[in-house]
Amino acid sequence: MSHLNRRLRDRTLALAGVFQATRLAQQLAREGRAGPAAIAVSIHSVLEIDSATTDDIYGGARGVVLGLQLLRDKLKGHADPNDMEMARYIINVVQLERRLSGNRAMLAVIRDGIESTIAQMKFFRIENKDTKEQIHPNLAAKLAELYTMTLSTLTPRIIVNGEQGYLENPSIVDKVRSLLLAATRSAFLWRQLGGRRWQLLLRRNAIIREATQILDDIKEP
């Protein structure tokens with residue numbers, strides 16, 4: 001694979017990470033549930049601060065299948081009633097990441113917080129392997145606290161809409177905040193890889209083709 005093709009693939013995966021994390025946060029806030037495996041991949045991607053490749057951050061392209069499908073379908077123009085809200089979240093995440101990138105002090109705080117969480121990961125293992133819950137509540141709580149201390153103090157502040165009962169559930173709120181941190185982390189990666197907002201318009205077809213190709217590769221035995 002050429003360098004240019006690799007860069008496009010990596011940018012597409014990172015952008016899929018943004019789409020996936022924001023959709024999962026939206027689903028949790030509105031429905032109180034979302035795919036546990038996808039949630040686990042997105043939240044754990046926050047901890048992958050020294051990964052060698054973009055694939056490693058998400059445990060392989062399969063980890064962001066939901067994000068790739070959303071990226072492909074939404075750029076093609078396939079819409080559903082929740083898309084305007086999701087688009088607002090994504091725009092806010094990208095804007096938030098730009099604010100963060102210029103704030104070295106906050107970047108240092110976030111990195112220190114992530115490193116501290118990584119050091120405690122051995123205490124955050126799921127004991128019951130049969131459970132559908134794949135994120136230890138303490139891990140979600142730690143990352144949610146980090147989000148609250150840092151990103152939530154910047155503008156534009158992301159206001160998540162949903163059912164009041166779910167938004168008053170501490171476990172769901174922790175996951176939503178952790179996913180917003182994950183979305184911002186993916187947006188940071190996307191920009192590091194050369195991703196820019198104008199590409200979503202001017203290079204939309206190339207992104208659609210790349211997302212489609214990655215999805216096709218995943219389907220192959």
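Scanning the chain for DSSP H helices at least 15 Å long along the axis (C-alpha atoms) with a Kyte-Doolittle mean no lower than 0.5 picks out 104-119. Restricting attention to the chain, the count of lysine pairs at 8 or more positions apart or across chains with alpha carbons under 21 Å apart stands at 9. Just want the answer: with Cβ charges of +1 for Lys and Arg and -1 for Asp and Glu, which residue in M121, S101, Q199 is farthest toward the dipole's positive end in segment 3-219? Result: Q199.
Sorted fewest first by neighbouring Cβ atoms within 10 angstrom, T150, T53, T212 come out as T53, T212, T150. Here the contact order of segment 3-219, divided by its residue count and restricted to Cα pairs under 8 Å and six or more residues apart, works out to 40 percent.
A rounded overall shape is assigned to the chain, the ratio a/c of its alpha-carbon gyration tensor axes (a ≥ b ≥ c) being less than 1.5. Between P81, P137, P156, the GNM of the chain built on Cα springs shorter than 10 angstrom shows P81 fluctuating the most.
Rule-based calculations on the coordinates, nothing more; no lab input. Here the structure is a predicted model, which means the values were calculated and not measured. Positions of Cβ are backbone-derived with ideal geometry, glycine not excepted, and every protein chain shown enters the neighbour counts.
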